[in-house]
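The values are calculated or read from the model by the stated rules, or taken from the named source; none is laboratory data. Small disclaimer: the values here were computed from a predicted structure and weren't measured. Cβ placement follows ideal geometry from the backbone for every residue including glycine, while neighbour counts extend to all protein chains displayed. Side chains included, ligands, DNA and RNA excluded: accessible areas come from the protein's heavy atoms. Shrake-Rupley method; radii C 1.70, N 1.55, O 1.52, S 1.80 Å.
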Amino acid sequence: CDWSSDVCSSDLVRSVRPAGNVAVLTYDDGPQPGGTDKILAELASADATATFFILVGRARRHPGLLADVVAGGHEIALHGIDHVRLTSLSPREVRRRTIAGRRELEDLSGRPVRWFRPPYGAQHPTTWAAIRSTGMESVVWSDEVADWEDDPVAEIAARAHTVARGSVLLLHDGYADQFDGVD
């Protein structure tokens with residue numbers, strides 16, 4: 001780990017070893033009307049699945065969209081109760097919030113949840129250890145296309161052409177805001 005940074009680089013899921021020439025699509029910060037529903041339609045038309053890192057507060061507000069993600073056969077993962085930066089919290093609070101978020105997301109989705117992506121991908125060794133102590137695996141990403149930038153869709157899509165086999169690609173089906181605790 002680079003102990004001086006916000007991200008611990010060891011023992012994090014960053015990539016996979018797929019049987020075929022595929023990458024993992026992951027979507028953060030949803031569910032959000034106008035985002036999640038459009039992505040679900042595109043994934044269905046491509047006969048593809050993805051992992052959705054859900055904000056529990058948004059799932060409470062949009063349970064129908066969460067149900068659509070589940071019905072589409074996509075994997076449900078936890079992004080947090082909200083989008084508060086975990087490195088600003090004590091390890092005890094990180095553990096408490098992770099356990100509570102997982103339980104509520106499992107109740108809302110009817111699915112087991114084993115993956116957790118910290119908001120902003122930010123974590124210290126103590127944050128990582130708190131997450132692991134809940135039985136969850138911390139997942140970050142190996143590639144991103146900066147889809148949060150206000151760039152033309154074609155430009156964002158072009159950035160995805162550099163994604164390699166086994167990459168975990170960071171994308172967004174929603175954008176956290178002040179109601180989600182964004183700093």
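At-a-glance table
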{"item": "Test result for residue 84, touching a Gly at 6+ places or on another chain (Cβ under 9 Å), surrounded by 14 or more Cβ atoms within 10 Å (Cβ to Cβ) and in contact (Cβ under 8 Å) with a residue 60 or more places away in the chain", "result": "yes"}
{"item": "Identity of the residue in the range 8-45, of a type in the set (Gly, Ala, Ser), open to solvent by 40 Å² or more (accessible area, probe 1.4 Å) and at pLDDT 95 or above, that ends up farthest from the chain's Cα centre (by Cα)", "result": "45"}
{"item": "Residue within the range 131-140 that is under 26 Å from residue 162 (Cβ atoms), assigned to a loop (DSSP other than H, G, I, E, B) and within 13 Å of the chain's Cα centre (by Cα) present", "result": "yes"}
{"item": "Residues of the range 151-183 that turn out to be acidic (Asp, Glu), surrounded by fewer than 19 Cβ atoms within 10 Å (Cβ to Cβ) and either part of a loop (DSSP other than H, G, I, E, B) or touching a Lys or Arg at 6+ places or on another chain (Cβ under 7 Å) (or both), as a count", "result": "3"}
{"item": "Residues within the range 133-150 that are open to solvent by 50 Å² or more (accessible area, probe 1.4 Å) and either at pLDDT below 95 or aliphatic (A, V, I, L, M) (or both), tallied", "result": "7"}
